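The values are calculated or read from the model by the stated rules, or taken from the named source; none is laboratory data. Computed from a predicted model, the values in this text were never measured in an experiment. So basically every Cβ, Gly included, is an ideal-geometry build from the backbone, and we count neighbours across all protein chains shown.
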């Protein structure tokens, strides 16, 4: 009986594998002999001319790795293949977690994709395997903002298609229940603390049941922005040494601690994650980056929430509002064969001259478009996160693709202070030294001094 | 008598507690696969779904190629398990019943393979696969896994209980070594083989990093890799992940149910020498 079952199982496995084992990506590619397709040239400065033959019209399939938004990229790939019937773009989804292990390994060995999504935090990990864009710098600069920060020896390997930054998300029902309306949206941190107090609720036994503001788990995202607001740079003048052990960081840490301990608008023990607490309707306000918007929509569709710009130290225009990080355009493999690279270069041009595709991606992640033609797009302007970011976008600082250890360690430092009651200054000093040691082998150079208003900032500790 | 009953009762109570501790996460996962993400993430979690939903199971197939990954996993795992079952018995038989110079050295080398952390071998193994052109081929998954040091060790231990006299008798009657292996050793080692089959099936089924690294085509990828697609950059789709995991463990549970008795007997026979 067992033998039979085993045999049946084996046979079933082989049968199923036989049925489904084929390669779904196989397509019947045609030869393309018509260079002049009569199609419109796309783009203002970065242009895509479809009226040329790709790979001399010979069939070719190239791979394109993504970690998310597969359907959007597949749509772009399909429309590209419609122009070039001899080209198939095989979009392959890879898990984000280990994408950065597999991709460099595959690129190094020449088995990787011809093009792929890239994240600037992995810059050092990947830059040696990238091919520079075959697009004139002037054209890129004319169409996109923030290109300068990506120029390496006169070339770019990727740029930003959008900028992600922080905003305050607030629960509209709690807002209304506290008797607040749109005119109460705070502009300064003092006003913010006052609003947060109104939104905070305790039960009869004095236990916190609704936090006015919750930053648990996410001080790491906030602290650099708070420093920038006060004009404090992250890095020393050598552009490489982290200089977060300064009085401004200590002051901002203390400000956050005081919000909980002095003003009582929240508690370090009120849930381990600000995002989840907000989604569960336990916290009235959180500071989050753009990605959180869609997460709220998909995970907590019943919560009515709004978004407003990050408050500032005073009503005056600050030196900077916050930090931003870019979402990168595609990387092109420097180890792929020539024909695949030709297709990849054309695809990148197509992607970057395609406003609709760029807009779709920006809206998906709630990121402010770097493409100048999209800044005044109606859909972009109507998006709550972008509406909050738009007036301040010129005063957002990009410190460059710094290693993730900085944020992780900053969170650790803060938790050591609040949970282990360690001294702010001492913990900052030790933590900063640890990060500096950790970054010893890194080639990272900050771009924060390229910020338009960098001269107004404090460049020393 | 009364004391004995009390002891027995306490032992059973402990066992029931341990069983509950062991299966509680599984039951929670299974029930959570019928919850919405908001309910799964709730700060005050519930065991039973408050808003029962099948959406997670429906999106498992629509969001990624679940059935393809499932079939690929089944194919690769079954193949590896069959091969390991065979090579382990063969290796165990040769090392336990064979008499040749260097036998202990070979066995030492086999044991040595178990002492090297698996992740240390990943890069050299990858380079090797690349050199022989097996990247993105099932052979890269199956061939390196076809011989198991643990399996050979376990079978060697198990075969110590098989009397040499029985094998000698067969040989005297004219049985070849091939015949002895297939007609005597295999049937008499069913329990130990079943244990190896269960272990190996489970390991191959849940193996993630190696298939992830060597398989590039989406159509050839295995389920363990597919399940990671639920872990996004910013958040995890727990509902989808739990639903896919609940389905994915069915083959493992089936294998265990089929070989349950032999598994326990096999483990006992391998752990006792002589």
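Within the stretch A:415-461, being in contact with a strand residue (DSSP E or B) (Cβ under 8 Å, 6 or more places away or on another chain) and closer than 21 Å to residue A:127 by Cβ holds for A:439, A:446, A:448. Among helices (runs of 4 or more DSSP H) entirely within the stretch B:158-274, having at least 3 residues that are in contact (Cβ under 8 Å) with a residue 24 or more places away in the chain, away from chain A (no Cβ under 12 Å) and within 17 Å of the chain's Cα centre (by Cα) singles out B:190-206, B:238-248, B:250-271. Given the criterion buried (at least 22 other Cβ atoms within 10 Å of the Cβ) and either under 30 Å from residue A:157 (Cβ atoms) or touching a helix residue (DSSP H, G or I) at 6+ places or on another chain (Cβ under 6 Å) (or both), identify the matching residue among A:309, A:243, A:250, A:320. Within the list A:309, A:243, A:250, A:320, the selection yields A:320.
The numbered conditions (1) farther than 29 Å from residue A:163 by Cβ; (2) modelled with pLDDT of 95 or more are all true for residue A:229 except (1).
Screening residue A:152 with (1) within 14 Å of chain B (Cβ to nearest Cβ); (2) in contact with a helix residue (DSSP H, G or I) (Cβ under 8 Å, 6 or more places away or on another chain); (3) surrounded by fewer than 15 Cβ atoms within 10 Å (Cβ to Cβ) gives one miss only, at (1). Residue check, residue B:112 against (1) more than 13 Å from chain A (Cβ to nearest Cβ); (2) in a helix (DSSP H, G or I); (3) under 19 Å from the mean Cα position of the chain (by Cα), all met but one. Which one? Result: residue B:112 fails condition (3) only. When each of A:87, A:52, A:46, A:91 is tested for being within 14 Å of another protein chain (Cβ to nearest Cβ) and either in contact with a helix residue (DSSP H, G or I) (Cβ under 6 Å, 6 or more places away or on another chain) or on the phi < 0 side of the Ramachandran plot (or both), the lone residue that passes is A:91. Would you be able to tell me the number of residues in the stretch A:27-42 that are more than 28 Å from residue B:230 (Cα to Cα) and either within 14 Å of chain B (Cβ to nearest Cβ) or buried (at least 18 other Cβ atoms within 10 Å of the Cβ) (or both)? Selection size over the stretch A:27-42: 1. When residues of the stretch A:196-232 are filtered for being out of contact with any strand residue (DSSP E or B) (no Cβ under 7 Å at 6 or more places or on another chain) and free of Cβ contacts under 8 Å to residues at least 24 places away in the same chain, how many remain? Summing the residues that are out of contact with any strand residue (DSSP E or B) (no Cβ under 7 Å at 6 or more places or on another chain) and free of Cβ contacts under 8 Å to residues at least 24 places away in the same chain in the stretch A:196-232 gives 5. Checking each residue in the stretch A:269-302 for being more than 9 Å from chain B (Cβ to nearest Cβ), in a loop (DSSP other than H, G, I, E, B) and farther than 19 Å from residue B:236 by Cβ picks out A:269, A:270, A:281, A:284. All of A:405, A:417, A:436 fail the test of being touching a residue at least 12 places away in the same chain (Cβ under 8 Å) and buried (at least 19 other Cβ atoms within 10 Å of the Cβ), apart from A:417. Kindly provide the set of residues from the stretch B:41-66 that are within 26 Å of residue B:25 (Cβ to Cβ), facing chain A (nearest Cβ under 9 Å) and touching a helix residue (DSSP H, G or I) at 6+ places or on another chain (Cβ under 8 Å), ordered by number. Residues satisfying the conditions are B:41, B:43, B:64.
Listed by first and then second residue, the pairs with beta-carbon distance under 9 Å, at least 6 apart or on different chains, first residue in the stretch B:118-144 and in contact (Cβ under 8 Å) with a residue 24 or more places away in the chain and more than 10 Å from chain A (Cβ to nearest Cβ), second surrounded by fewer than 17 Cβ atoms within 10 Å (Cβ to Cβ) and not in a helix (DSSP H, G or I), are B:140/B:132.
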